[in-house]
Amino acid sequence: MAGRAVGHSGWGQRLAILIPYLWLLAFFLAPFLIVLKISISTNAIALPPYVPVWDSVGAALDHLSTPNLGNYSFLFDDPLYLNSYLNSLKIAAISTLIALLIGYPMAYGIARSSRNWRGALLTLVILPFWTSFLIRVYAWVGILKTEGILNAFLLWTGVISEPLQIHFTPTAVYIGIVYSYLPFMILPLYSTLEKLDESLLEAAADLGARPLTTFWRVTLPLSMPGIAAGCFLVFIPAVGEFVIPELLGGSSTQMIGRTLWNEFFQNRDWPLASSVAVLLLLVLVVPIVIFQRYARREGTG
Amino acid sequence: MRRGPGLFLKIAMVLGFAFLYAPILILMLYSFNASKLVTVWGGFSTRWYVELWSNTALLDAAWISVTVAATASTLATVLGVMAGYSLARVPRFLGRTLFSGMVLAPLVMPEVITGLSLLLAFISVSLDRGFLTIVFAHATFSMCYVAIVIQARLSGFDSSVEEAAEDLGARPATVFRRITLPLIMPGVISGWLLSFTLSLDDLVIASFTSGPGSTTLPMKIFSSVRLGVTPEINAIATILIGLVAFGTIFWSLALKRAEANRLKAAQ
């Protein structure tokens, strides 16, 4: 029988499916449905601070029939929320572009290196993945702050006479995001550039194209899948980022992840925090679906 | 013949790697600074490491983090191996699309959402927040990484060997233990290590799901970083980076050697 499953009738196999399935239903899907539910409930002064919607099936159904979308309309009324959404998208998009501009030549350089070098350079790209994200962001605080290392160095060389205010500005957030997510950009770019057919470049050169023309007309179009994958891998986590704007950005750099955190931990408005979460996910669904379509097409094509 | 990188690409690589590594190296260097001021180099000293040793709050947090990470990554590995095996070896079962969606989704889910949703779920079933809830949360997102590593490894081997063993009368459990498990072992270990580092590193999800008395190391570091740069944090960061770098290099060398032995045996 072709293509049959191994141990098809085994109890072990059924358990191997069932256990992680139930786990994910309980710890991933159900919690998300609860967020959805709470986002349309009203904030009552009680602990837990939301009107419990799980009292009885009847009450739950009652709630469903009259959803309270007040939290959502509040999100649109208060410019704070709209601004932090737009700001998150803007900061994530610009950081992604900068990461692409820095990552592309690095990935191309690694792909062009000799076989011995490539392994070592790739390890250097991957190694930061394994070191603590929090610590890598924290490392920039000591460098960027007003009395930090960068200012001390620039003052010492005489390039500037007054310390620069970089820490607690959007610039610091850009630096932090590009720094943290650069490996995500380099790896997919490398894997497409590495597979690039060298003979196409030779053919272009033989036909009289200058190196820059060859790059624009041949290399760049052929590396589009890597560019797309890299950009999504940087953009998606950057939109919901909390640690980087919190530690490097000032109070003016509001991003949506930070707004959600504050709404939850400082204002203790759980329904509102839940609505922020649901809308954040809706904002991300579009790029995620495009990315998955793209990945599938690349996988099958 | 592959052309080497030109001058422009070489410069880009040097600058890029300097950008990636300079902050970490500066941080490690300043953990040995005798002065408390970040910008003033007061000579070489290990005083912050000594002081770290008497900072019981930080040490307690480190111990909690390590026990959470060890428990969560073991749980995640068991769940992830089952999930990865199912996805790679069982072509059809009820709700397979939902299942593979749930395995992939946590990887792109913003941490603030994962943390918030788990916290609200734990509260709705009146589960006291603490050690156990952090373990559940970490195991959930880590198992997805493990599942993907295992699935990738299994789809690299076709199932003919497993089928042959079964045709020869081996029971499914025996096939798994004697054939499948040895094949995926490097993936299992990599998955465990990845889960361990992810758990050790996590700040956002742990902040949502932890309770009183279960402050993890990243939470502790985060709260003191908010107050400013302290040499003690530089010291603990240096220790963490050192441990992880050592572990990664050791494991990749071991993998390389095992792969070389396998190739030699196959010849």
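Derivation of every value follows stated rules applied to the coordinates shown; laboratory data play no part. Small disclaimer: the values here were computed from a predicted structure and weren't measured. A quick note on method: Cβ atoms are made from the backbone with ideal geometry, for glycine too, and the neighbour counts reach across all protein chains shown.
Here are the numbers for this structure:
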read-out	value
Binned Cα-Cα distance frequencies in chain B - 10 Å width, integer %	6, 21, 26, 24, 16, 6, 1, 0
Total formal charge among the other residues, if their Cβ is under 15 angstrom from that of B:Ser35, Lys/Arg +1 and Asp/Glu -1	-1
Extension gain from B:Ala164 to B:Val66, taking 0.36 nm per residue of separation minus the Cα-Cα distance	31.1 nm
Rounded Å value of the spacing that divides the Cα centres of region B:206-267 and region A:147-183	26
When region B:204-267 is reduced to its Cα atoms, the Kirkwood hydrodynamic radius in Å	15.0
Computed E for B:Ala173/B:Val40 - FRET, C-beta separation, R0 60 angstrom, nearest 0.05	0.40
Sequence-separation-based contact order of chain A, relative, with Cα cut under 8 Å and 6+ spacing, percent	26
Highest to lowest packing among B:120-131, A:219-230, B:191-202, scored as the average C-beta count within 10 Å	B:191-202, A:219-230, B:120-131
Paramagnetic reach from B:Phe8 (point 7 Å along Cα→Cβ, amide N under 13 Å) across region A:83-120	A:104-106, A:108-109
Residue-span extension gain [A:Lys90 to A:Leu164] - 0.36 nm each, minus C-alpha spacing	24.3 nm
Calculated on alpha-carbon atoms, Rg and Dmax of region A:96-152 in Å	15.0, 44
Alpha-carbon Rg/Rh ratio, for region B:3-61, with Rh computed the Kirkwood way	1.26
Gain on full stretching of the segment that runs from A:Leu101 to A:Thr157 - 0.36 nm per residue minus C-alpha separation	17.3 nm
In nm, spacing of pseudo-spin labels at B:Asn261 and A:Asn116 (7 Å Cα→C-beta vector)	2.6
B:Leu227 versus A:Val285: modelled label distance in nm, points set 7 Å from Cα along the beta carbon direction	4.4
Restricting region B:167-267 to trypsin sites (Lys or Arg not before Pro) in coil, as DSSP defines it, with at most 13 other Cβ within 10 Å	B:Arg226
Per-residue Cβ neighbour rank within 10 angstrom, fewest leading, B:Asp60, A:Asp77, A:Asp269	A:Asp77, B:Asp60, A:Asp269
Relative exposure of A:Val218, B:Val66, A:Val141, A:Val276, judged by other C-beta atoms within 10 Å (fewest first)	B:Val66, A:Val218, A:Val141, A:Val276
Summed residue charge, Cβ within 15 Å of A:Glu147's Cβ, Lys/Arg positive, Asp/Glu negative	+1
Alpha-carbon Rg/Rh ratio, for the protein assembly as shown, with Rh computed the Kirkwood way	0.98
